[in-house]
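Novice: Got a structure for you, written out below as C-alpha cells; questions coming shortly.
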Amino acid sequence: MTTYSERLTAPISWWLSALVFGLVWGWILLVATTWTIAIVTAVLVSAFCLYAVWRFGSLRLSVDANGLRAGSALLDDKNLGDVEILHRAEYRARLGVDADARAYLATRPYLDRGVLVQVNDAGDPTPYWLLSSRRPEALAAALGHTGSTSEEATHVEEDQEG
C-alpha cells in the first residue's frame, strides 16, 4: 500500500522551450534548404528535445511499506532515519556549500524545496538522501516526520529574541 506518491515533471516553460528550439532549427534550415528538409529537421529536433525534457524532468517519489522510492532507488523502511523539511535557503545550501559528496541526490533544478532523509545503515556510505518535492511537508509526514521545519524554528527563535 502506497502512503505517498508524487510525480515531478518539468514546468511548461521547459516543454515550450523544447518546441521553440525545434522550430528554430526548422526555420534555419528552411532558409538554407527545402521545405521537406526543414520540416523533418523541426520534427526530429523537437521530438529529441521533448524526450530530453521528459527524461530529465520526470521523477517519481513514493513511500510505501517497503520504504522510500526515488525513481528506481529504494531506501528500505528499516534504514530510514530522521527527516528534515528544507525550504529555499537550506535546500540550496545542501546542494552547495553544505553538501556531502557521498549523499544521494534526486533533485530537480526547477524546484527549490525538498526533504533530507538520513540513512541509518552502518554499511552504507551514503549519509543522507536529498530529494526535491513540490509537497515536502506531505512527503515528510509520510516518512513519519512530525516536527517543525528548520525555517519555522528560525522564525520562532527570531520572535522570541524580539
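Novice: Could you check how many residues of region 39-71 are small (Gly, Ala, Ser) and modelled with pLDDT under 95?
Specialist: Result for region 39-71: 7.
Novice: Going through region 104-121 one residue at a time, which ones are assigned to a loop (DSSP other than H, G, I, E, B) and under 22 Å from Ala138 (Cα atoms)?
Specialist: Thr107, Arg108, Pro109, Tyr110, Leu111, Asp112, Arg113, Asn120, listed by residue number.
Novice: Just need a number here: residues in region 63-84 that are outside any loop (DSSP other than H, G, I, E, B) and under 14 Å from Leu130 (Cα atoms).
Specialist: 11
Novice: Just to be sure before I move on: is Leu30 surrounded by fewer than 18 Cβ atoms within 10 Å (Cβ to Cβ) and either closer than 24 Å to Asp112 by Cβ or in contact with a strand residue (DSSP E or B) (Cβ under 9 Å, 6 or more places away or on another chain) (or both) in the structure I sent?
Specialist: Spelling it out, it is not the case that Leu30 is surrounded by fewer than 18 Cβ atoms within 10 Å (Cβ to Cβ) and either closer than 24 Å to Asp112 by Cβ or in contact with a strand residue (DSSP E or B) (Cβ under 9 Å, 6 or more places away or on another chain) (or both).
Novice: Related question: In this structure, is Val53 under 18 Å from the mean Cα position of the chain (by Cα) and outside any helix (DSSP H, G or I)?
Specialist: Here the answer is no, as Val53 does not meet what is asked.
Novice: Same structure again: Against the condition part of a helix (DSSP H, G or I), under 24 Å from Ser132 (Cβ atoms), in the same structural domain as His145 (by TED's automatic domain parsing) and in contact with an Asp or Glu (Cβ under 9 Å, 6 or more places away or on another chain), how does Ala93 come out, does it pass? So that I can check it myself, show each step before the final result.
Specialist: Details: part of a helix (DSSP H, G or I): yes; under 24 Å from Ser132 (Cβ atoms): yes; in the same structural domain as His145 (by TED's automatic domain parsing): yes; in contact with an Asp or Glu (Cβ under 9 Å, 6 or more places away or on another chain): no.
No.
Novice: Here are some conditions: (1) surrounded by 13 or more Cβ atoms within 10 Å (Cβ to Cβ); (2) not in a loop (DSSP other than H, G, I, E, B). His145 meets all but one. Which one does it not meet?
Specialist: Of everything listed in (1) surrounded by 13 or more Cβ atoms within 10 Å (Cβ to Cβ); (2) not in a loop (DSSP other than H, G, I, E, B), His145 misses just condition (2).
Novice: Would you confirm, using the coordinates I've provided, whether Gly67 is in contact with a helix residue (DSSP H, G or I) (Cβ under 6 Å, 6 or more places away or on another chain), in the same structural domain as Gly114 (by TED's automatic domain parsing) and of a type outside the set (Ser, Thr, Tyr)?
Specialist: yes
Novice: Taking region 33-71 on its own, how many of its residues are crowded, with 16+ Cβ neighbours inside 10 Å, among the hydroxyl-bearing types (Ser, Thr, Tyr) and farther than 30 Å from His145 by Cβ?
Specialist: Total meeting the criteria: 2.
Novice: Out of Ala42, Ala18, which single residue is among the small types (Gly, Ala, Ser), out of contact with any Ser or Thr (no Cβ under 7 Å at 6 or more places or on another chain) and either over 30 Å from Ala140 (Cα atoms) or part of a helix (DSSP H, G or I) (or both)?
Specialist: Going through Ala42, Ala18 in turn, the sole match is Ala42.
Novice: Separate question: Between a first residue in region 53-72 that is free of Cβ contacts under 8 Å to residues at least 12 places away in the same chain and a second residue that is assigned to a helix (DSSP H, G or I) and surrounded by fewer than 17 Cβ atoms within 10 Å (Cβ to Cβ), which pairs have beta carbons less than 8 Å apart while being 6 or more apart in sequence or on different chains?
Specialist: Filtered contacts from region 53-72: Asn66/Asp77.
Novice: I'm checking my understanding of the structure. Among residues of region 89-131 that are in contact (Cβ under 8 Å) with a residue 60 or more places away in the chain and within 21 Å of Phe56 (Cα to Cα), which one is surrounded by the most Cβ atoms within 10 Å (Cβ to Cβ)?
Specialist: Leu131
The values are calculated or read from the model by the stated rules, or taken from the named source; none is laboratory data. This is a predicted model, so every value here is computed, not measured. Every residue, glycine as well, gets a Cβ built from its backbone with ideal geometry; the counts of neighbours run over all protein chains shown.
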